[in-house]
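What follows is one structure encoded as structure tokens, with my remarks underneath.
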Amino acid sequence: MIENSKNQTNIENEDTLTNRQGHPITNNQNTRTVGNRGPATLENYDFIEKISHFDRERVPERVVHARGAGAHGYFEAYGTAGDDPVSKYTRAKLFQEKGKKTPVFVRFSSVIHGGHSPETLRDPRGFAVKFYTEDGNWDLVGNNLKIFFIRDAMKFPDMIHAFKPDPITNIQDSERFFDFCASSPETFHMVTFVYSPWGIPANYRMMQGSGVNTYKWVNNDGEAVLIKYHWEPKQGIKNLTQKEAEEIQAKNFNHATQDLYEAIERGDYPEWELLVQVMSDDEHPELDFDPLDDTKLWPEDQFPWLPVGKMVLNKNPEDYFTEVEQAAFGTGVLVDGLDFSDDKMLQGRTFSYSDTQRHRVGANYLQLPINAPKKRVATNQNGGQMQYKVDRAPGQNPHINYEPSILGGLKEAEQIGKEYTPNIEGNLVRESIDRQSNTKQAGETYRRFEEWERTELISNLVSDLSKCDQRLQDKMVALAEEADEEYGRLLREGLAKAPKDGSSQAPLGNKDGVNATENAVEKGHEAEPY
Ligand code: HEM
């Protein structure tokens with residue numbers, strides 16, 4: 001029993017239901033009415049509070065990546081990047097010492113469909129990591145695949161409109177998808193991955209991750225290098241055929257969330273190694289692609305993957321909404337020693353994330369425990385919906401909520417390490433990049449696939465493309481021919497044989513003899529790191 005004031009009957013125990021004003025609720029079954037048949041009364045505060053909170057239980061879902069699952073864990077640094085001390089490339093503190101641990105929160109997701117859509121759909125997967133470093137938060141907002149559809153942020157809303165359901169029918173339509181892709185040839189490399197088994201990872205634990213865009217690392221002398229980030233799963237990589245995905249989806253549309261949650265509950269903690277590729281900070285005219293172009297892979301033989309640390313996920317969220325739904329990641333969230341590159345796509349993304357989060361979660365989203373850094377915060381920002389506290393330093397004069405001031409208040413930090421001050425000049429233009437090379441790497445990727453992956457790719461493309469306008473089929477075949485003679489020929493032949501009535505459903509050439517179980521871990525096909 002909780003002590004009330006003297007001589008009063010105690011009505012509360014530790015588990016007594018209350019409202020948010022702390023009032024004990026004595027009757028949670030019946031509204032207050034005039035007689036037990038009603039009518040109800042408007043002063044029924046407990047009922048009105050309960051129902052009006054329920055009416056507001058949802059925030060807008062993410063405009064993309066709405067379906068996701070999250071977990072907590074830690075990142076452990078190796079102190080090195082391959083054979084070099086990591087300090088050669090970056091002064092970011094989280095990487096420096098071998099064995100240094102930094103807490104992380106990770107959210108995996110699919111991209112196009114809504115909050116409870118099946119986790120078996122063909123789609124890239126999101127792989128967003130929040131590192132709570134001693135210098136504040138660093139977010140690495142990546143995907144499972146290492147490249148992307150487009151290279152200019154200007155095209156992103158159009159691309160997402162084309163991929164999402166039709167605005168009238170509310171049905172996802174491959175004709176709209178291919179209409180955008182055929183008219184944007186830079187998408188062809190990503191289309192090649194997404195229509196292969198790499199477009200349906202078996203689950204979240206057995207997929208790679210990548211920062212996709214090019215970033216920079218800055219060392220103590222203020223020197224920068226270009227960086228690509230890659231996550232390699234210690235569990236191995238597994239992807240699904242279309243048929244396997246359909247078998248799982250028939251029985252379980254939450255399989256990836258369930259797989260992650262159950263693995264962590266049974267103590268089978270998933271791990272990924274973080275590797276980086278390094279390039280000197282220049283335009284690299286010797287390459288046939290632009291290092292800032294996110295539709296391209298950096299060839300591993302020229303730019304080896306250097307391990308820099310590992311990540312372990314060992315704790316499930318205590319509450320989905322509080323932690324996973326309200327989590328807010330952004331590409332602008334960097335710490336000292338990490339920097340942006342000139343990649344214009346990355347810069348467009350960087351505006352978009354915190355903009356949408358102010359709308360989706362609210363102006364003070366960074367005060368929520370899942371988003372706040374695990375270190376002191378002292379700002380002069382104040383007010384806005386749902387402000388939870390003032391970010392004041394201990395002993396700070398509360399009257400001085402501005403800077404600079406002679407009378408007190410917060411002071412600027414000292415610059416540690418030499419500042420990185422790149423010199424940039426050029427005409428202001430609206431132009432695409434020079435080295436586009438839209439189909440060459442798609443051809444290399446096609447040839448690198450195993451035979452069954454190529455068969456799946458062709459059959460999946462035929463299945464969806466055969467329902468589309470002939471002009472789109474012709475354009476996609478032309479892109480495939482440009483990438484690789486066999487790729488183009490097989491796609492053309494497959495389309496010629498496909499039923500013309502759009503009834504081509506199950507993609508051709510799937511592997512047979514797979515048992516229909518609900519568990520993607522028992523299904524799927526192992527793959528080598530890409
Ligand atoms: C210009 C291109 C892009 C724009 C404008 C953009 C915009 C967005 C927006 C508005 C969200 C929702 C964020 C939220 O509500 O919290 C989002 C989520 C996400 N984006 Fe992008 N995006 C772009 C490209 C990319 C690329 C290339 C990747 C892969 C590297 C990516 C990975 C993600 C991930 C993983 C999430 C989900 C984060 C989470 O789990 O909360 N995006 N993006």
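The values are calculated or read from the model by the stated rules, or taken from the named source; none is laboratory data. Everything numeric here is computed off the predicted structure, so don't read it as measured data. When we count neighbours, we look across all protein chains shown, and the Cβ atoms used for this are built from the backbone with ideal geometry, even at glycine.
Take Ala327 and tell me if it is within 16 Å of the ligand (Cβ to nearest atom), within 18 Å of Ala69 (Cα to Cα), in a loop (DSSP other than H, G, I, E, B) and not charged (D, E, K, R). Yes: the conditions hold for Ala327. Can Arg447 be described as surrounded by fewer than 17 Cβ atoms within 10 Å (Cβ to Cβ), without any contact (Cβ under 8 Å) to a residue 24 or more places away in the chain, not in a loop (DSSP other than H, G, I, E, B) and not hydrophobic (A, V, I, L, M, F, W, C)? The answer is no for Arg447.
Scan the range 105-116 and give yes if some residue there is closer than 25 Å to Ile416 by Cα, touching a residue at least 24 places away in the same chain (Cβ under 8 Å) and in the same structural domain as Leu140 (by TED's automatic domain parsing), otherwise no. No. Within the range 452-461, is there a residue that is surrounded by fewer than 20 Cβ atoms within 10 Å (Cβ to Cβ) and free of Cβ contacts under 8 Å to residues at least 12 places away in the same chain? No; the residues of the range 452-461 include none that is surrounded by fewer than 20 Cβ atoms within 10 Å (Cβ to Cβ) and free of Cβ contacts under 8 Å to residues at least 12 places away in the same chain.
Go through the residues of the range 323-343 one by one and say whether even a single one is at positive phi and in contact with a Phe, Trp or Tyr (Cβ under 9 Å, 6 or more places away or on another chain). Checked the range 323-343: at least one residue is at positive phi and in contact with a Phe, Trp or Tyr (Cβ under 9 Å, 6 or more places away or on another chain). For Asp355, the conditions (1) within 14 Å of the ligand (Cβ to nearest atom); (2) touching a residue at least 12 places away in the same chain (Cβ under 8 Å) all hold with the exception of (2). The number of residues in the range 301-314 being out of contact with any helix residue (DSSP H, G or I) (no Cβ under 7 Å at 6 or more places or on another chain) and away from the ligand (no atom under 16 Å from the Cβ) comes to 9.
With respect to the conditions (1) touching a strand residue (DSSP E or B) at 6+ places or on another chain (Cβ under 6 Å); (2) more than 14 Å from the ligand (Cβ to nearest atom); (3) assigned to a loop (DSSP other than H, G, I, E, B), His65 falls short on a single one, namely (2).
Looking only at the range 154-191, count every residue that is of a type in the set (Asp, Glu) and either in contact with a Ser or Thr (Cβ under 9 Å, 6 or more places away or on another chain) or over 29 Å from Glu444 (Cα atoms) (or both) and tell me the total.
3
Okay, residues lined up against (1) in contact (Cβ under 8 Å) with a residue 40 or more places away in the chain; (2) within 16 Å of the ligand (Cβ to nearest atom); (3) among the hydroxyl-bearing types (Ser, Thr, Tyr):
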| residue | (1), (2), (3) |
| --- | --- |
| Leu274 | yes, yes, no |
| Met279 | yes, no, no |
| Lys296 | yes, yes, no |
| Pro299 | no, no, no |
| Thr322 | yes, yes, yes |
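Filter the range 148-172 down to residues that are near the ligand (Cβ under 9 Å from one of its atoms) and in contact with a Phe, Trp or Tyr (Cβ under 7 Å, 6 or more places away or on another chain) and give me whichever is nearest to Glu232 (Cα to Cα). Only one residue tops the list, namely Ile150.
Return a yes/no flag: does the range 84-106 have any residue that is under 30 Å from Val276 (Cα atoms) and touching a His at 6+ places or on another chain (Cβ under 6 Å). Yes - at least one qualifying residue is present in the range 84-106. Among the residues of the range 301-320, the ones that are assigned to a loop (DSSP other than H, G, I, E, B) and either surrounded by 13 or more Cβ atoms within 10 Å (Cβ to Cβ) or touching a residue at least 40 places away in the same chain (Cβ under 8 Å) (or both) come to 5 in all. Sort through Val59, Val141, Val106, Val129 and tell me the only one that's within 10 Å of the ligand (Cβ to nearest atom) and either surrounded by fewer than 19 Cβ atoms within 10 Å (Cβ to Cβ) or among the hydroxyl-bearing types (Ser, Thr, Tyr) (or both). Only one candidate passes the filter, namely Val59.
Mind listing just one residue for me: the one in the range 192-215 that is over 16 Å from the mean Cα position of the chain (by Cα) and among the small types (Gly, Ala, Ser) and, of those, nearest to Leu457 (Cα to Cα)? So the residue we want is Ser196. Taking (1) in the same structural domain as Trp272 (by TED's automatic domain parsing); (2) hydrophobic (A, V, I, L, M, F, W, C); (3) touching a residue at least 40 places away in the same chain (Cβ under 8 Å) in turn, Val191 satisfies each apart from (1).
Listed here are the strands (runs of 3 or more DSSP E) enclosed by the range 177-290 that have at least 1 residues being over 26 Å from Ile433 (Cβ atoms): 224-233, 237-239, 271-280.
Each row is one residue, and each column tells you yes or no for (1) at pLDDT 95 or above; (2) farther than 30 Å from Gln258 by Cβ; (3) not in a loop (DSSP other than H, G, I, E, B).
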{"residue": "Val429", "(1), (2), (3)": "yes, yes, no"}
{"residue": "Ser437", "(1), (2), (3)": "yes, yes, no"}
{"residue": "Arg454", "(1), (2), (3)": "yes, yes, yes"}
{"residue": "Ala480", "(1), (2), (3)": "yes, yes, yes"}
{"residue": "Pro499", "(1), (2), (3)": "no, yes, no"}
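Remark: Asn13 falls outside the filter, which requires a residue to be in contact with a helix residue (DSSP H, G or I) (Cβ under 6 Å, 6 or more places away or on another chain) and touching a residue at least 12 places away in the same chain (Cβ under 8 Å). For the range 332-352, give me the residue count where each residue is β-branched (Val, Ile, Thr) and near the ligand (Cβ under 8 Å from one of its atoms). Result for the range 332-352: 0. The residues listed here are Glu431, Glu414; of these, the one that is exposed (fewer than 14 other Cβ atoms within 10 Å of the Cβ), within 30 Å of Glu286 (Cβ to Cβ) and without any contact (Cβ under 8 Å) to a residue 12 or more places away in the chain is Glu431. Scanning the range 62-84 for residues that are free of Cβ contacts under 8 Å to residues at least 40 places away in the same chain and surrounded by 13 or more Cβ atoms within 10 Å (Cβ to Cβ) yields a single hit, Gly79.
Residues that are aromatic (Phe, Trp, Tyr), surrounded by 13 or more Cβ atoms within 10 Å (Cβ to Cβ), within 16 Å of the ligand (Cβ to nearest atom) and more than 16 Å from the chain's Cα centre (by Cα) do occur in the range 361-369.
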